[in-house]
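Here's the structure we're looking at; comments come further down.
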Amino acid sequence: MNVLTVTAARKTFGPVTALDGASFELRQGELLALLGPNGAGKTTLIRAIAGRVRLDGGAVRIFDQPLPSAGTHPALGIVPQEIALYPLMSARENLDVFGALQGLTGADLKKQVAWALEHTGLADRASESVRTFSGGMRRRLNIACGIVHRPRVVLLDEPTVGVDPQSRDRIYDMLAVLMKEGVSLLLTTHHLEEAEARCSRTVIIDHGRVIAAGTLPELVDRTVGKDRLVTLRLVNGGVVTARMRDVATDLPPLLDRVREAGDTVDDVEVRGPSLQAVFIHLTGRELRE
Amino acid sequence: MIFTLLKAGWLNLKRDRVAQALTFLLPIVFFSIFASVFGGQGSQTSRIRVAVVDEDHSELSARMVAALEKETSLRVRAADDAGTPLDRAGGERLVRNGDVPVAVVIPKGLGERFAAGGFGTSGEKVQLLADVSDPIAPQMVLGLLQKVTMTAAPDLLMKGGMQQFEKQAGALTLQQRAAVDAWLPRLKAEASGAAAASGTAAGGPMGVSAEIVDVMGSDSRRGSLTSFYAAGIGVMFLLFSCVAGAGGALLDEVEAGTLERLLSTRLRMSWLLLGKWLFLTLVGTAQLTVMFLWGWLVFDLPLLSHLPGFVVMTAVTAAAAAGLGLVLATIARSRAQLSGFSTILILTMSALGGSMFPRFLMSETMQKFGLLTFNGWALDGYLKVFWRDAALWQLWPQVLVLAALTIVFLWAARMLARRWEVG
């Protein structure tokens, strides 16, 4: 079941076309990666879904309903890339503010704030000022403020940027719990390994259009194919690379040829088709900034 | 090395318009304001407003009024708005209301006493009903009064003198009287010309007997003067804190991303601005209250006896200042821009509006300029409350203007804030 559908989204800012007919859908309980080079249109797309950008054409539907004429859909939670918190306030006070602005009141607000603190592992630091928090704790609180009202769809804009691997794992554990509860997550990131490892599907956007969408195997099939990249590092410092469909069959003859040429293999690396390869294949190597 | 640093400094200054304005424009603006205030801006702009009450209705008093009217450094008002000649109460009211700094009251019988014995005779003096918060105007009017009485009526002065002479030394002969009678019209004719030539004639040794009467009771009002400066400084810093607060409320939130987050909740921009404005208004009210409380505790500022007026003026002043802060914050593209621009604007408004020195010391033109500023209206209101003991209803012009400014500021801020709304 699709909880979010974007159809032929178009948006221009003056002479710049930010979205040029982008379409994709987010399914119930999935973690969908929205990838793209800088300036591809990711932020505009996220802001359009959040109701912060009015599309020139196309449509966004959440639970098969159009977006409200003003403001954000109540089922939506948004986690911005910036640490959008009040640093002089405590974690609980930040959650109180953003929970109240999402319409929570009284006991309900208190309960949800307690849940968000517990969920993000900040309960024991709830009364401390945010400015005393580490980068990872701030990131977690940033997420907590976006989900305190228990939204059914959450947009996460680079939620793990600038945090250490431990905090990153913790954040993905939090997201996994949300997914188990049926929450659908749309995540943008430049960490392709992360997206590859954590996300169920991937949407790649470039020049305002969705240029690929699907699971990693589907994307691999459609782009770089299933060939493995084999890298031989020679003792004399040389490097030999080759693509192989069947490593077990194709690698021994290559090793034989190296040996016959009088070289000695120091190390062998076999890499399967990665999201990185798919991404570069689809978007090219040119810098976008 | 040094050259590289100079080059870097120059490039940064060249590209920083705000720094250029603060470095070069602000000093020029301030120099111009101070030069205009204290340097004299020509006789037309520095005329002192003075009310004249003629209780005597004698030839002498009529001559004095006419001579005062001819003084180019005075703007004389002898009638009320309905055209009725002013009486003492009317003149005093004009002073109390701040319409004029001085009212000259020519007492009944002055002409008769003068005819009998010249200016030196005893009797009721000419009174200058004055608001001595303006230390210049009463003294200047007193000097001019002395001058015009001598120059406007030399024939009458001579007549009186001759009468005294005859009383003491015996009657004049027919020939002597004929000579005096022939001389008097010439003196009278010269008088009308002399009165018009301001500053050219000097007063004689026998001046008109005059006294300055402080109708505001200033001796017991030192605290009121303190309140004036409390308001002046308070309003200037209120503006600074409102701009800083609004900058923090909006621009810092934009930079931190919290504004985007706030607008991604159920909150709408209008409510956001109203909330920020209300908060700034409350903080501004508290700021002014703390300042006046300090004045009351330490400098005998008569706060408690003027509490209703203080509350009204503080509320409307803080509301308008908060609105202005929001407008400036919504105009500015960055905190640095806001800081530079608002510093120039607030200091200029404070100088023109009377926060740095009272507006009544300025020329009439500058005083009118002052009314274009926020500070001018706010300080006029506080002056009415603490100095003129005005009733609450008499604050209506200031309250109306500041309330209207608040609405205009909020509307402008709302329009300008659209850039942060849906794109």
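FYI, it's all coordinate maths here, none of it is from the lab. Note that the structure is a prediction, hence the values are computed from the model and not measured. With ideal geometry, Cβ positions are generated from the backbone for all residues, glycine too; neighbour counts draw on all protein chains shown.
What spacing in nm lies between the two simple spin-label points modelled at A:Arg54 and A:Lys180, each 7 Å away from Cα in the Cβ direction?
According to this spin-label approximation, the distance is 4.4 nm.
For the stretch B:338-403, what is the convex hull volume of its Cα atoms per residue in Å³? Provide the component values of the computation, followed by the final result.
On the way: hull volume 6.1 nm³, N = 66.
It comes to 92 Å³ per residue, whole-number rounded.
Using the Cα centre of the stretch A:149-277 as origin and beta-carbon charges of +1 (Lys, Arg) and -1 (Asp, Glu), tell me which of A:Met174, A:Leu255, A:Val161 is placed farthest towards the positive end of the dipole.
With unit charges placed on the Cβ atoms, the residue in question is A:Met174.
Using just the Cα positions, wrap the protein assembly as shown in a convex hull and report its mean projected area in square nanometres, one decimal place. Mind showing how you got there, number by number?
Numbers: hull surface 197.1 nm².
The orientation-averaged projected area of the Cα hull of the protein assembly as shown comes to 49.3 nm².
More than 21 Å apart: what percent of Cα pairs in the stretch A:95-216 qualify? Before the final figure, lay out the partial values.
On the way: 3125 of 7381 pairs.
Of all Cα-Cα pairs in the stretch A:95-216, 42 percent lie more than 21 Å apart.
With Rg and the Kirkwood Rh both taken from Cα atoms, where does Rg over Rh land for the stretch A:110-151? Write out the running numbers ahead of the final one.
On the way: Rg = 9.6 Å, Rh = 10.2 Å.
On the Cα set of the stretch A:110-151, Rg over Rh gives 0.94.
Extending each Cα 7 Å along its Cβ direction at A:Ala114 and A:Asp221, get the distance between those two points in nm, one decimal.
Inter-label distance under the simple model: 4.9 nm.
Do you know the relative contact order of the stretch A:135-289, to the nearest whole percent, from alpha carbon pairs under 8 angstrom that are 6+ apart?
Numbers: 173 pairs, mean separation 28.4, N = 155.
Relative contact order, the stretch A:135-289: 18 percent.
Given a Förster distance of 60 angstrom, what is the FRET efficiency for A:Arg271 paired with B:Ala336, based on the Cβ-Cβ distance and rounded to 0.05?
On the way: r = 49 Å, r/R0 = 0.81.
That gives a FRET efficiency of 0.80.
Over the stretch A:13-142, one equal point on each Cα, no solvent: what is log10 I(q)/I(0) by the Debye formula at q = 0.13 Å⁻¹?
-0.70
At B:Glu112 and B:Leu400, where each label point lies 7 Å from the Cα along Cα→Cβ, what is the point-to-point distance in nanometres?
Those two pseudo-labels are separated by 4.6 nm.
First measure r as the distance between the Cβ atoms of B:Ala62 and B:Ile344, then evaluate 1/(1 + (r/R0)^6) with R0 = 60 Å and state the FRET efficiency to the nearest 0.05.
Details: r = 52 Å, r/R0 = 0.87.
Computed FRET efficiency for B:Ala62 and B:Ile344 comes out at 0.70.
If you take every residue apart from B:Gln394 with its C-beta less than 10 Å away from the C-beta of B:Gln394, what net charge results, scoring Lys and Arg +1 and Asp and Glu -1?
On the way: positive: B:Lys384, B:Arg388; negative: B:Asp389.
Overall, the nearby charge balance is +1.
Show the residues, 5+ positions off or on another chain, whose built amide H is closer than 5 Å to the amide H of B:Arg75.
Hits under the 5 Å cutoff: B:Ile48, B:Arg49, B:Val50.
Ratio of Rg to Rh for the stretch A:167-231, alpha carbon only, Kirkwood? Write down the numbers at each step before the final one.
On the way: Rg = 14.0 Å, Rh = 13.6 Å.
Rounded to two decimals, Rg over Rh is 1.02.
How large is the Kirkwood hydrodynamic radius of chain A, in angstrom, based on all distinct alpha carbon pairs? Don't skip to the answer; put the middle values down first.
Numbers: mean 1/r = 0.0474 Å⁻¹.
Its Kirkwood hydrodynamic radius stands at 21.1 Å.
Could you work out how much longer the chain between A:Arg285 and A:Met89 gets when fully extended? Use 0.36 nm per residue separation minus the Cα distance between them, nm to one decimal.
So the extension gain works out to 66.2 nm.
Report the FRET efficiency, 1/(1 + (r/R0)^6), for A:Arg233 and A:Ser200, where r is their Cβ-Cβ distance and R0 is 60 Å, rounded to 0.05. Walk me through the numbers before you get to the answer.
Details: r = 35 Å, r/R0 = 0.58.
Using R0 = 60 Å, I get an efficiency of 0.95.
Give the relative contact order (percent, whole number) for the stretch A:1-117; include only Cα pairs under 8 Å separated by 6+ residues. Walk me through the intermediate numbers first.
On the way: 138 pairs, mean separation 26.2, N = 117.
It rounds to 22 percent for the stretch A:1-117.
Taking the alpha carbon gyration tensor of the stretch B:245-393, what are the square roots of 5 times its eigenvalues, largest first, to the nearest whole Å?
In descending order, the three semi-axes are 32, 20, 13 Å.
Please list, by residue number, every one of the trypsin sites (Lys or Arg not before Pro) in the stretch A:220-270 that is coil in DSSP and has at most 15 other beta-carbon atoms within 10 Å.
Values: sites: A:Arg222, A:Lys226, A:Arg228, A:Arg233, A:Arg243, A:Arg245, A:Arg257, A:Arg259; in loops: A:Lys226, A:Arg245.
Sparse-neighbourhood loop trypsin sites (Lys or Arg not before Pro): A:Lys226, A:Arg245.
P(r) for the stretch A:158-289, please, calculated from all Cα pair distances in 10 Å bins and given in %.
Result, from short to long distances: 10, 30, 28, 21, 9, 1 percent.
Charges at C-beta only: +1 for Lys and Arg, -1 for Asp and Glu. How large is the resulting dipole of chain A about its Cα centre, in Debye rounded to 20?
On the way: 35 positive and 35 negative charges, 174 e Å.
Here the size comes out at about 840 debye.
I'd like the mean, over residues of A:78-90, of how many other protein chain beta carbons sit within 10 Å of each residue's own Cβ. List each step's numbers first, then the result.
Details: counts 4, 2, 6, 2, 6, 3, 9, 4, 3, 2, 0, 0, 0.
Partner Cβ neighbours, averaged per residue: 3.
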